[in-house]
Structures are given as C-alpha cells and as structure tokens.
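Reading through the structure tokens given below for one structure.
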Amino acid sequence: MEFRKIISADMPEIFDVRVRTWSTPTGREDLESMGITRASVSEMLTDTHKGWLCETDGQVVGFAIGNRSTGEMWVIAVLEEYEGRGIGGKLIGMVEQWLASEGHQEIWLTTYTDETKRAVGFYHHLGWEFWKIENKDRFLKKRLQATGG
C-alpha cells in the first residue's frame, strides 16, 4: 500500500472510488447535481482543499479530502473490499494532521443519521463525537491539537 497526496490526474480514479462507495445507484448523477465534478474537485485541490489517497498495485482503493477554509473532513471513501486494513484510519489521520497544521482546533464532518451504519461507528472509534442532526445529516466534530505551520 502506498499513501500519497492527491493530484489532478487522479480525478478519474477518485471519482470511480467515490461512486462505487456511494449509497445510491445514481452516485455520479447525485455528485454532479451537487456541483461535485472532476473539474470542481481539481480546482478545490488547488485552493481550499487537500487530500491523500491509498494505492494498491497501482489502483486507487481509498482517499480522503479536507477543507482548510471550514475545517471540514470533506470526504473519505474506501472500497469495501479494502475495508478493515487500516486504510481509512490512516487517510483520516493525514487530513486531521493537515487541518491541525492549518490552525484548526476543532474539525467536523457529516455522515448518516442512522447510527447503525458502519461509518458512524468508525468515526466514533476514531474519536469523533456527535454534534447535531440537521437537514437529514448527522454532524460529528473532533478536537485537535494545533501543530502549527
């Protein structure tokens, strides 16, 4: 497994992973309806967002992206057949470390309102705490130690 920073050339594989991990059969259309496209994500990665991915045998199997302007853990996605190998935890840790270095002492994310979903338990296991439910999303937050620079 190799972990590295996401670059614009990774967009096709990033989107493939995200669509394969989306909870609806219309994942690509859902993302596009929210304005999330290869071009928009590439642009975000040059400005407010930064992310890392995990490759195995040259294939992207997971990634995570954070937003420094808001302190949001914007997205984490790991292919189901690669879950349970520590990939998601390491990717989230990389984004958390970066957000802390950007001066964030508290970060947040949204996930399912259904607490029985594995993602909710995964986040709780990594120290994320319930914050609120709003617009059919569960918001979680996490306190960080600022690392500077």
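The values are calculated or read from the model by the stated rules, or taken from the named source; none is laboratory data. Everything quoted here is computed from the prediction, not taken from an experiment. In this analysis, Cβ positions are derived from the backbone assuming ideal geometry, glycine residues included, and neighbour counts consider all displayed protein chains. Quick note on the areas: whole protein, heavy atoms, side chains included, nothing else; ligands and nucleic acids left out. Shrake-Rupley method; radii C 1.70, N 1.55, O 1.52, S 1.80 Å.
Summary table below
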{"read-out": "Residue in the stretch 97-114 that is most open to solvent (accessible area, probe 1.4 Å), counting only those that are among the β-branched types (Val, Ile, Thr) and either more than 22 Å from Lys132 (Cα to Cα) or outside any loop (DSSP other than H, G, I, E, B) (or both)", "value": "Thr110"}
{"read-out": "Residue, farthest from the chain's Cα centre (by Cα), within the stretch 28-55, restricted to residues that are open to solvent by less than 30 Å² (accessible area, probe 1.4 Å) and hydrophobic (A, V, I, L, M, F, W, C)", "value": "Leu31"}
{"read-out": "Residues of the stretch 83-96 satisfying the condition of being open to solvent by less than 30 Å² (accessible area, probe 1.4 Å) and of a type in the set (A, V, I, L, M, F, W, C)", "value": "Ile87, Leu91, Ile92, Val95"}
{"read-out": "Residue check, Phe3 within 25 Å of Tyr123 (Cβ to Cβ), of a type in the set (Phe, Trp, Tyr) and not in a helix (DSSP H, G or I)", "value": "yes"}
{"read-out": "Residues (within 19 Å of Gly127 (Cβ to Cβ) and either open to solvent by 70 Å² or more (accessible area, probe 1.4 Å) or of a type in the set (D, E, K, R) (or both)) located in the stretch 57-82", "value": "Glu72"}
{"read-out": "Condition broken by Leu91, with the remaining ones in (1) over 18 Å from Ile6 (Cβ atoms); (2) assigned to a helix (DSSP H, G or I) satisfied", "value": "(1)"}
{"read-out": "Residues within the stretch 123-137 that are open to solvent by less than 70 Å² (accessible area, probe 1.4 Å) and at pLDDT below 90, tallied", "value": "1"}
{"read-out": "Residue match in the stretch 109-116 (condition: free of Cβ contacts under 8 Å to residues at least 24 places away in the same chain, under 23 Å from Lys5 (Cβ atoms) and out of contact with any strand residue (DSSP E or B) (no Cβ under 8 Å at 6 or more places or on another chain))", "value": "no"}
{"read-out": "Residue in the stretch 139-147 that is touching a helix residue (DSSP H, G or I) at 6+ places or on another chain (Cβ under 7 Å), open to solvent by 90 Å² or more (accessible area, probe 1.4 Å) and not in a helix (DSSP H, G or I) present", "value": "yes"}
